[in-house]
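This report concerns only the one structure given below.
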Amino acid sequence: MGLEEILKSIDEKVKRQVEEIKKEAQKEEGRILEQAKKRAEQHKERIIKEAKKQIEEEMRRELIKVRREEKKKTLALKTELLSKVFKEAMERFLNSDPKEYLSLMKEAIVESIKEGKQEVLLSPQDKKIIDKNFFKEVEKSIKNKKGGKYEVRFTFDDSIKEKGFIIKGEDMFINATVPTLFSVIKDEEEIEIAKILFG
């Protein structure tokens with residue numbers, strides 16, 4: 001075999017080896033690209049999953065916030081309606097028939113009086129509907145209903161700005177002005193009235 005043929009043989013061998021190396025490199029490149037694609041896909045899916053989770057969490061927080069605001073608004077509206085109902089009831093009571101009003105007042109005074117000395121302070125607003133008979137009737141009802149020793153003095157007091165009365169005794173103080181009574185009724189009955197109004 002001549003030198004030329006040997007060189008040609010070596011050259012072909014080298015070319016084959018280069019071709020094989022190229023093919024191997026292409027295979028390896030394809031494998032690396034495939035792995036890179038897989039990793040990129042996994043990374044993309046993880047980012048999407050995290051973003052989705054974050055969005056859902058944000059939406060959940062926003063929904064809670066909206067519901068809380070709605071509850072606040074609803075509660076404020078219910079409170080406002082309840083206040084209106086009690087205010088209207090008080091207005092109706094204040095504008096009710098004077099005889100009925102005095103009858104309720106008399107009953108309340110008689111129930112509130114205890115033994116001993118007491119002063120019933122009356123609102124000047126009630127002066128025009130209260131006559132001397134009212135005091136006699138109250139004293140008579142106290143004696144008939146309670147007996148015992150009672151000393152009751154009635155006074156119209158300018159410091160009482162609302163209709164109703166205040167009773168002062170040695171160990172007692174009862175504020176039975178109309179707004180105070182309605183405030184107590186509101187505190188005691190608010191839940192029941194709310195059930196009636198709002199179900």
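The values are calculated or read from the model by the stated rules, or taken from the named source; none is laboratory data. Since the model is a prediction, treat every value here as computed from it, not as a measurement. Quick reminder, even Gly has a Cβ in these numbers, built from the backbone with ideal geometry, and neighbours come from all protein chains shown. Note: accessible area is taken over every heavy atom of the protein model, side chains too, but ligands, DNA and RNA are not part of it. Shrake-Rupley method; radii C 1.70, N 1.55, O 1.52, S 1.80 Å.
Worth pointing out:
- Enumeration of residues in the range 75-89 that are loosely packed, with under 12 Cβ neighbours inside 10 Å and hydrophobic (A, V, I, L, M, F, W, C): L75, A76, L77
- Looking across K117, K106, one residue alone is closer than 30 Å to V152 by Cα, in contact with a strand residue (DSSP E or B) (Cβ under 6 Å, 6 or more places away or on another chain) and of a type in the set (D, E, K, R). It is K117.
- Sole residue being in a helix (DSSP H, G or I), among the charged types (D, E, K, R), open to solvent by 100 Å² or more (accessible area, probe 1.4 Å) and under 30 Å from I191 (Cα atoms), chosen from R92, R31, R16, R39: R92
- Residue list for the range 116-138, filter: surrounded by 14 or more Cβ atoms within 10 Å (Cβ to Cβ), in contact (Cβ under 8 Å) with a residue 24 or more places away in the chain and in a helix (DSSP H, G or I): Q125, D126, F134, E137, V138
- Scanning the range 149-180 for residues that are open to solvent by 60 Å² or more (accessible area, probe 1.4 Å), part of a loop (DSSP other than H, G, I, E, B), at pLDDT below 90 and farther than 22 Å from E88 by Cα gives K149, E170, D171.
- Residue match in the range 84-96 (condition: over 29 Å from the mean Cα position of the chain (by Cα) and of a type in the set (S, T, Y)): yes
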